[in-house]
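Worksheet for the structure shown next.
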Amino acid sequence: MQFGYTILYVEDVPGTLDFYEAAFGLTRRFLHESGDFGELDTGATALAFSSLRLMRELGKNPQRACADAPSFEIAFTTADVAAAVRRAVDAGARLVQAPERMPWGQTVAYVADLNGVLVELCTPMAPTAAA
């Protein structure tokens with residue numbers, strides 16, 4: 001089995017794709033003509049978005065994300081966390097936690113996207129000797 005994609009439920013799919021392109025430099029893979037579903041290319045997997053409206057039509061009860069009380073986060077790795085935070089904030093993200101060096105050596109920061117999704121911006125983890 002292979003992990004295919006993650007779908008986040010948002011109010012405005014086209015606006016969210018625009019934001020992720022500007023804030024994180026991702027490339028749009030697909031936007032359905034209805035505007036209710038879209039994907040961004042993230043490498044081996046896709047980051048997808050579906051409208052809250054469509055999910056309700058399909059009988060789901062989607063909840064809005066809340067960065068201040070998250071039930072999940074997404075993470076992007078980068079060699080320059082501070083620059084990534086600046087770019088995201090300049091594009092409209094809200095700073096949640098400034099870059100900080102963690103005891104295990106990784107630099108980590110958090111922003112909230114325009115939908116309230118908690119986004120971690122961090123340096124890649126170095127492989128351990130056991131791996």
- Item | Scan of the stretch 73-104 for residues that are in contact with a helix residue (DSSP H, G or I) (Cβ under 7 Å, 6 or more places away or on another chain) and in contact (Cβ under 8 Å) with a residue 60 or more places away in the chain, ordered by number | R87, A88, A91, G92, A93
- Residues that are more than 23 Å from L17 (Cα to Cα), assigned to a strand (DSSP E or B) and hydroxyl-bearing (S, T, Y), drawn from the stretch 73-131: T107
- Task: For G15, indicate whether it is within 13 Å of S51 (Cα to Cα), touching an Asp or Glu at 6+ places or on another chain (Cβ under 9 Å), surrounded by 13 or more Cβ atoms within 10 Å (Cβ to Cβ) and small (G, A, S).
- Result: no
- Message: Show the residue pairs meeting these rules: Cβ distance below 7 Å; 6+ apart or different chains; first residue within the stretch 2-26 and in contact (Cβ under 8 Å) with a residue 12 or more places away in the chain and closer than 20 Å to T78 by Cβ; second residue in a helix (DSSP H, G or I) and not basic (K, R).
- Response: A23/A88; F24/A88; L26/Y20
- Item | Which listed residue, of P70, P62, is surrounded by fewer than 18 Cβ atoms within 10 Å (Cβ to Cβ), closer than 27 Å to R29 by Cα and in contact with a helix residue (DSSP H, G or I) (Cβ under 8 Å, 6 or more places away or on another chain) | P62
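Read the figures in this text as sums done on the coordinates, not as results from a lab. None of these values were measured; they are calculated from a predicted model. All Cβ positions, glycine included, derive from the backbone under ideal geometry; neighbour counts span all protein chains shown.
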